[in-house]
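S.K.: Below is one structure. I have some questions about it.
The values are calculated or read from the model by the stated rules, or taken from the named source; none is laboratory data. As the structure is a prediction and not an experimental result, all values here were calculated from the model. Reconstructed Cβ throughout: ideal geometry from the backbone, glycine too, with neighbour counts over all protein chains shown. Only protein heavy atoms, including side chains, enter the accessible area calculation; ligands, DNA and RNA are left aside. Shrake-Rupley method; radii C 1.70, N 1.55, O 1.52, S 1.80 Å.
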Amino acid sequence: YFWRVHVDKGVYEKIAVSTVPGMSGIGFWIALDILEGRDSPKEMPVPPYFIYKYTLDAAFASAPKGGVAALIYAREWVQQLIENTRAGEATPADTKP
């Protein structure tokens, strides 16, 4: 809320960087893969969640009242992360808030 008010006034130009609470979803999908007999890398790069002035509205829209903005990691995204990690490629593009 503080950020929204001050951005609208034009007096606050910052970005927010955070680990994502939704990262537990990545663990869930990996655990499910393991239970289904698939293997996954032991370490995978997951970038922090960046909120910029131009993405602030989407971050606010995705956060419940009194909650925090977070990304949701779908199973397909996690499977792409696993494939990319194995291939030595970049992390897939961010999922949507």
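S.K.: Please give every one of the aspartates and glutamates within straight-line cross-link reach of LYS9, meaning a C-alpha to C-alpha distance under 20 Å, and leave out same-chain neighbours fewer than 8 residues apart.
M.R.: ASP57
S.K.: Now for a different question. Using the Cα centre as the reference, give the magnitude of the dipole from point charges on the C-beta atoms of the chain (Lys, Arg: +1; Asp, Glu: -1; all else neutral), rounded to the nearest 20 debye.
M.R.: Working: 10 positive and 11 negative charges, 88 e Å.
It works out to roughly 420 debye.
S.K.: Can I ask one more? Please identify the chymotrypsin sites (Phe, Trp or Tyr not before Pro) of the stretch 1-46 that satisfy two criteria: DSSP loop assignment and at most 11 other Cβ atoms within 10 Å. Which are they?
M.R.: Numbers: sites: TYR1, PHE2, TRP3, TYR12, PHE28, TRP29; in loops: TYR1, TYR12.
Here the chymotrypsin sites (Phe, Trp or Tyr not before Pro) that fit, given the DSSP loop and packing criteria, are TYR1.
S.K.: Here is a further query. Keeping every protein chain in place, order LYS9, LYS53, LYS65 by accessible area at 1.4 Å, biggest value first, i.e. largest first. Present the calculation step by step, with values, prior to reporting the outcome.
M.R.: Numbers: LYS9 140, LYS53 95, LYS65 210 Å².
My answer, sorted largest first, is LYS65, LYS9, LYS53.
S.K.: Can you give the helix-only mean residue ellipticity at 222 nm for the chain, where every DSSP H stretch with n ≥ 4 adds -39500 (n - 2.57) and the sum goes over all residues, rounded to the nearest 500 deg cm²/dmol? List each step's numbers first, then the result.
M.R.: Working: 4 runs with 40 residues, N = 97.
So the helix-based figure for the chain works out to -12000 deg cm²/dmol.
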